[in-house]
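Participant: To start, I am sharing the structure in question, which I have written as structure tokens.
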Amino acid sequence: MDSHNCDLSWLPNLVRLEDWGGEWQPFLEHIYSLFRHDFIETAPIWPRKRVGLKRHPISKGKEATFWHFIQEGAMEDERTPCLHRCARIQWPRALIDVFPDRKPISSDPIKWWKNRRGSNAFFVISLVDFSYLHVIADRGEYVLPWTAYCVERNHQRRKLWKEYELYWDNKG
């Protein structure tokens with residue numbers, strides 16, 4: 001696994017709650033406006049597929065994908081905001097924008113692979129050190145940005161590295 005610090009200079013700046021005086025509601029509306037710009041007003045480009053958006057269920061006037069980008073938790077109705085996710089609201093689009101339609105090479109700012117969870121197929125885009133992931137559902141004719149989150153534990157990063165290596169080793 002790449003153990004060096006990965007270069008983050010190409011990513012959008014973090015958006016922090018403290019920059020909004022700790023006021024949650026204006027901060028939430030701001031990060032939602034950034035999400036809207038990145039995924040609704042200007043749709044990302046994906047090779048040979050349309051990029052959709054999981055809009056439903058709409059909650060508090062905001063699409064399901066937005067909530068999955070900024071909240072954490074196993075139970076859908078018990079998810080809570082995560083400030084690390086909120087701060088990186090513009091990173092999912094940035095990762096899509098640099099997605100190469102080929103096997104990753106060492107100079108790429110990301111790594112990517114495909115995986116399955118049950119009957120669902122996903123693209124996984126990661127920073128090279130596996131510290132941040134964007135998961136994108138592959139629906140055949142189109143893709144759906146699904147979730148994005150920080151990977152904080154080293155054992156989780158090692159597991160992702162192994163999944164990445166196994167995928168590309170099997171691709172030959």
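The values are calculated or read from the model by the stated rules, or taken from the named source; none is laboratory data. Computed from a prediction, not measured in an experiment: that's the story for all the values here. Note: ideal-geometry Cβ built from the backbone for every residue, glycine included; neighbour counts use all protein chains shown. The protein model used for the area step is the full one, side chains on, heavy atoms only, and it has no ligands, DNA or RNA in it. Shrake-Rupley method; radii C 1.70, N 1.55, O 1.52, S 1.80 Å.
Participant: Pull up all non-local amide H partners of residue 139: gap of 5 or more, or a different chain, and H-to-H distance under 5 Å with H placed in the peptide plane.
Facilitator: Residues meeting the amide H criterion: 144.
Participant: Now, a different point. Tally up the carbon and sulfur contribution to the accessible surface of the chain as a whole percent, 1.4 Å probe, everything protein left in place.
Facilitator: Accessible surface attributable to carbon and sulfur in the chain totals 49 percent.
Participant: Arrange the residues 153, 88, 139, 158 by how much accessible surface each exposes, largest first, with a 1.4 angstrom probe.
Facilitator: 153, 158, 139, 88
Participant: Tell me the label-point distance for the pair residue 168, residue 83, using the 7 Å Cα-to-Cβ offset, in nm and rounded to one decimal.
Facilitator: That separation, rounded to one decimal, is 3.5 nm.
Participant: What angle do you read, to the nearest 10 degrees and between 0 and 90, between the alpha-carbon axis of helix 154-171 and the longest principal axis of the chain?
Facilitator: Around 50 degrees separate the two axes.
Participant: Pull up all non-local amide H partners of residue 72: gap of 5 or more, or a different chain, and H-to-H distance under 5 Å with H placed in the peptide plane.
Facilitator: Close amide H contacts, sequence-distant or interchain: 80, 82.
Participant: Compute the Rg to Rh ratio over region 1-109 from the alpha carbon atoms, using the Kirkwood formula for Rh, and round to two decimal places.
Facilitator: 0.99
Participant: Turning to a different aspect of this structure: 5 Å is the cut-off here: which amide hydrogens, built 1.01 Å from N in the peptide plane, fall below it relative to residue 132, excluding neighbours closer than 5 in sequence?
Facilitator: Residues meeting the amide H criterion: 127, 151.
Participant: Under a 1.4 Å probe, what is the accessible area of the chain per residue, stated in Å²?
Facilitator: Each residue of the chain exposes 56 Å² on average to a 1.4 Å probe.
Participant: Another one. How much mean residue ellipticity at 222 nm does the chain get from its helices, if each DSSP H run of length 4 or more adds -39500 (n - 2.57) and you divide by all residues, to the nearest 500 deg cm²/dmol?
Facilitator: Computed ellipticity for the chain at 222 nm equals -8500 deg cm²/dmol.
Participant: Can you bin region 31-172 into rounded, prolate or oblate? Criterion: square roots of the alpha carbon gyration tensor eigenvalues sorted a ≥ b ≥ c, rounded for a/c under 1.5, prolate for a/b above b/c, oblate for the rest. Each step should come with its number before you reach the end.
Facilitator: Working: a/c = 1.62, a/b = 1.35, b/c = 1.21.
Note, shape of region 31-172 comes out prolate.
Participant: Moving to a separate point now. Which ³J(HN,Hα) values, rounded to whole Hz and listed in residue order, are derived for region 103-108 from phi using the Karplus coefficients 6.51, -1.76 and 1.60 in 6.51 cos²θ - 1.76 cosθ + 1.60 with θ = phi - 60°, glycine and proline given as x?
Facilitator: Once rounded to whole Hz, the list reads 4, x, 10, 4, 7, 5.
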